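First comes the structure, then the notes that go with it.
Each value in this text was obtained by applying a stated rule to the coordinates, not by laboratory testing. Everything numeric in this text was worked out from a predicted model, so none of it was measured. Cβ atoms come from the backbone with ideal geometry, glycine included; neighbour counts cover every protein chain shown.
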Number of protein chains: 2
Amino acid sequence: MKGMSRTQGDRVEARARKSGEAAESLRAEEELAREAWAPLFELIQEQMRQFPVLAAEFELSPVQAHALRMLGYEPQPMSALAGHLSCDASNVTGLVDRLEGRGLVERRNAEHDRRVKLLCLTEAGQEVRRRLMERMAEPPAAISALSSAELRMLRDVMRRAVEKLGAPGGKPD
Amino acid sequence: MKGMSRTQGDRVEARARKSGEAAESLRAEEELAREAWAPLFELIQEQMRQFPVLAAEFELSPVQAHALRMLGYEPQPMSALAGHLSCDASNVTGLVDRLEGRGLVERRNAEHDRRVKLLCLTEAGQEVRRRLMERMAEPPAAISALSSAELRMLRDVMRRAVEKLGAPGGKPD
DNA sequence: TATTGTTATACTCTATAACTATA
DNA sequence: TATAGTTATAGAGTATAACAATA
């Protein structure tokens, strides 16, 4: 079912360009994107599986780890954190309660709007976050086993990819 | 507390004694791997954030989607699914209860060991899984916006990377 | 005795809806 | 009236421990 070698896709594309068949070339490129995405997705699935374990190294749930990561910049309202986590604002109350209970986060009143509470990391929170980020920056074995040339290509291509990711809907807040 | 990074230091030092250039080259390659990993990790975080939305398109929780994906091959015991999901076996009972309640999965008794229950997808389950897998195969905008040359490089490098991922601890079951 | 799956319990994450205090 | 955050409630995911049936 899937044994077809796809290096021949290159030839198809070249032929399509020459004969001006844009539609065929487009399909070939879509197929190419799928082929590139497939192994990437496998790695992502593996990382999704491992992330709870990584967070647990710091006695954090996956969501707590994600939240800590997002709170590393300037103080932000609860609602902003809810946006980052793609969850309802009501959940952030309990989440922040627990982080605050552990002394990692503080609620501060915003002076421009007394409804708003700004979330800041405590010193302890900053320290945990620093170690967490350092740990997350460690590449998995699958990546670090690549050659220097492969790593350079991967880095350059992925940097271009995530540039495009930041562009369309992305307000960094 | 004082001997914390001793083993690592010893390795670096030993290499440095052999050849200072080799140690420096090693650090450079580690740094390169980190640089390649960083944008990859950003994409992974974004996909982790989006996965619940994708699963919800099929009225599945993230874990249910993951389980359905894992049950696409031959019938397997509950314990195997627990392994795939990296969770305790006790959780699989409720998870399978819900999937079975929706008619997507069946429990079957294994004849070789009457303690074991084998999980199989129903026809409805196979259909949902097929559509789910098709949806997951769609590359995100950040990837499909890359050029053909970039896609080819990405595909080839990532294929080599996940080959190495399958090798070390990987029993596919 | 050891293992497979279940049940009981507790905690976290998540959504919806109703509420408060501001604006 | 609308918005930011809270509370109440319900369902799902997760771990631990105790248990039944089977090996």
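Taking the range B:62-106 as the region of interest, how many residues are surrounded by 18 or more Cβ atoms within 10 Å (Cβ to Cβ) and within 7 Å of DNA strand D (Cβ to nearest atom)? Summing the residues that are surrounded by 18 or more Cβ atoms within 10 Å (Cβ to Cβ) and within 7 Å of DNA strand D (Cβ to nearest atom) in the range B:62-106 gives 2.
Across the range A:65-96, the number of residues qualifying as in contact (Cβ under 8 Å) with a residue 60 or more places away in the chain and near DNA strand C (Cβ under 10 Å from one of its atoms) comes to 1. Of all residues in the range B:97-136, those satisfying the criterion of being within 11 Å of DNA strand C (Cβ to nearest atom) and touching an Asp or Glu at 6+ places or on another chain (Cβ under 8 Å) are B:100, B:107, B:119. Search the range B:94-114 for residues being of a type in the set (Lys, Arg) and either in a strand (DSSP E or B) or farther than 15 Å from residue B:129 by Cβ (or both), and hand back the single one that is nearest to the chain's Cα centre (by Cα). Looking at the filtered set, the residue picked out is B:98. Within the option set B:121, B:99, B:104, being more than 9 Å from every other protein chain (Cβ to nearest Cβ), without any contact (Cβ under 8 Å) to a residue 60 or more places away in the chain and in contact with a Ser or Thr (Cβ under 9 Å, 6 or more places away or on another chain) holds for one residue only, B:104.
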